[in-house]
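In what follows, a structure is listed as structure tokens, so that the remarks can point back to it.
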Amino acid sequence: MRIVVTGSGGQVGGALLASLAGLGEIVALDRARLNLADDDAIRTALRELQPALIINAAAYTAVDAAESDAATAFRINADAPRVLAEEAERLGAPLIHYSTDYVFDGSKDGAWLEDDVPAPLSVYGRSKLAGEQAIAAVGGVHLILRCSWVYGLTGKNFLLTMLKLADTRDALSIVDDQIGAPTWSRTIADATAGIIRHASEPAQLAAHTGVYHLCAGGQTSWFGFAQAIFAHPAVTRRPALHPIATAEYPTPATRPANSRLNTDKFRRTFGDLPAWGDALAECLQLRGELNMKA
Ligand SMILES: NC(=O)c1ccc[n+]([C@@H]2O[C@H](COP(=O)([O-])OP(=O)(O)OC[C@H]3O[C@@H](n4cnc5c(N)ncnc54)[C@H](OP(=O)(O)O)[C@@H]3O)[C@@H](O)[C@H]2O)c1
């Protein structure tokens with residue numbers, strides 16, 4: 001089975017290459033091999049490769065930059081997924097695509113369900129929602145996996161930002177009134193591999209077409225996430241941490257206050273997901289081991 005992974009240079013894309021090993025022939029398309037801003041290039045690549053399954057891990061993820069670059073955000077997050085979905089349907093190949101908690105406005109008290117009404121607060125959120133809708137409108141077999149607060153040992157993310165800041169700062173002020181579930185890129189990649197294993201052949205994914213919430217278990221704030229990072233024994237620098245309100249840390253894009261995603265549907269269908277603290281501990285342990293080897 002040939003599986004095409006777009007955005008293979010990203011956090012989730014890179015993790016997928018490891019998690020999918022053994023599941024088929026993995027064709028990794030990073031931005032240099034396939035620019036999703038080029039519809040014709042997408043069509044040509046997929047018609048040549050004829051994959052049995054397409055996983056789109058590429059996205060325009062610069063949430064604040066998107067506020068002043070809506071055209072690019074929509075091109076990559078909405079137009080390209082539509083083209084991928086059209087080509088997937090043409091090939092009879094399921095499309096697995098990632099979306100975000102930022103499709104919601106954060107106003108709900110409890111965790112967001114898949115069929116809660118989205119109302120994005122940012123250009124990024126609107127572009128990702130448009131991507132979801134475009135894929136659904138094409139009507140082929142698709143799984144849209146909404147993730148939250150993704151981090152890992154590569155790329156741009158909160159974990160690496162905290163560790164870098166701790167090199168030069170003795171104190172950090174961190175937003176404490178946005179809640180969600182920090183999710184290791186490996187958790188998402190392993191869960192995606194689990195979906196593929198669950199279906200003995202890609203066509204069986206037709207029964208699972210739809211939207212799923214996929215993030216680690218539990219919840220915390222960005223402040224709580226930072227506390228857990230600096231409490232880990234493998235992290236040696238420990239700056240003082242001060243909780244602040246979102247209003248004290250203005251950003252171009254508005255983020256939802258409540259990013260909690262209810263993952264019951266995913267767990268019922270495909271199996272369990274780790275608690276965010278356990279996954280973070282494993283990730284930091286791995287970082288420590290990699291640093292020792294380096
Ligand atoms: N990061 C989060 O906190 C978060 C939260 C919720 C959901 N998600 C979703 O999860 C998925 C994976 O995100 P991630 O965290 O892995 O993001 P990421 O690390 O930013 O990776 C995205 C990848 O897409 C590539 N890309 C951007 N524009 C492209 C283009 N025109 N053509 C081809 N590739 C392009 C990027 O390449 P360059 O590096 O060259 O730009 C990057 O390798 C996305 O759908 C994202 O919306 C992420």
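The values are calculated or read from the model by the stated rules, or taken from the named source; none is laboratory data. For clarity, every value in this text was computed on a predicted model and none was experimentally measured. Quick reminder, even Gly has a Cβ in these numbers, built from the backbone with ideal geometry, and neighbours come from all protein chains shown. What goes into the accessible areas is simple: the full protein's heavy atoms, side chains included, and nothing from ligands, DNA or RNA. Shrake-Rupley method; radii C 1.70, N 1.55, O 1.52, S 1.80 Å.
Note on segment 1-110: semi-axes of the ellipsoid equivalent to its C-alpha gyration tensor, largest first and rounded to whole Å, are 25, 17, 14.
Applying the criteria of a DSSP loop state and at most 13 other Cβ atoms within 10 Å to the trypsin sites (Lys or Arg not before Pro) of segment 220-274 yields 237. Helix 39-49 and the long axis of the chain differ in direction by around 70°, with both axes built from C-alpha atoms.
Shown are 3, 244, whose ranking by accessible area with a 1.4 Å probe and every protein chain present, most to least, is 244, 3. Given in Å, the Rg to one decimal and the Dmax to the nearest whole number for the Cα atoms of segment 62-214 are 17.0, 56. For segment 152-212, which whole-number percentage of the solvent-accessible area (1.4 Å probe, protein heavy atoms only) is attributable to carbon and sulfur atoms? Summing carbon and sulfur atoms, their accessible area is 51 percent of the total for segment 152-212.
Taking every DSSP helix (H) stretch of at least 4 residues in the chain, weighting each as -39,500 (n - 2.57) and dividing the sum by the residue count yields a mean residue ellipticity at 222 nm of -12000 deg cm²/dmol. Along segment 222-230 the Karplus relation, 6.51 cos²θ - 1.76 cosθ + 1.60 evaluated at θ = phi - 60°, assigns HN-Hα couplings of 4, 4, x, 4, 4, 4, 5, 4, 7 Hz to successive residues, with x for each Gly and Pro.
Applying the criteria of a DSSP loop state and at most 14 other Cβ atoms within 10 Å to the GluC sites (Glu not before Pro) of segment 225-294 yields no site.
Using just the Cα positions, wrap segment 166-251 in a convex hull and report its mean projected area in square nanometres, one decimal place. Convex hull of Cα atoms, orientation-averaged projection: 8.2 nm². Taking the inverse of the mean 1/r over every pair of distinct Cα atoms in segment 151-196 gives a Kirkwood hydrodynamic radius of 12.7 Å. For the pair residue 197 and residue 119, a Förster radius of 30 Å applied to the C-beta separation gives a FRET efficiency near 0.30, rounded to the nearest 0.05.
Treating each Cα of the chain as an identical point scatterer and summing with the Debye formula, the log10 of I(q)/I(0) at q = 0.07, 0.08, 0.11, 0.12 Å⁻¹ comes to -0.25, -0.33, -0.63, -0.76. Averaged per residue, the chain has 43 square angstrom of accessible surface, using a 1.4 angstrom probe with ligands and nucleic acids left out. Which residue fluctuates the most in the chain, going by a Gaussian network model with Cα springs under 10 Å, if the choices are 224, 22, 152? Highest fluctuation among the options: 22.
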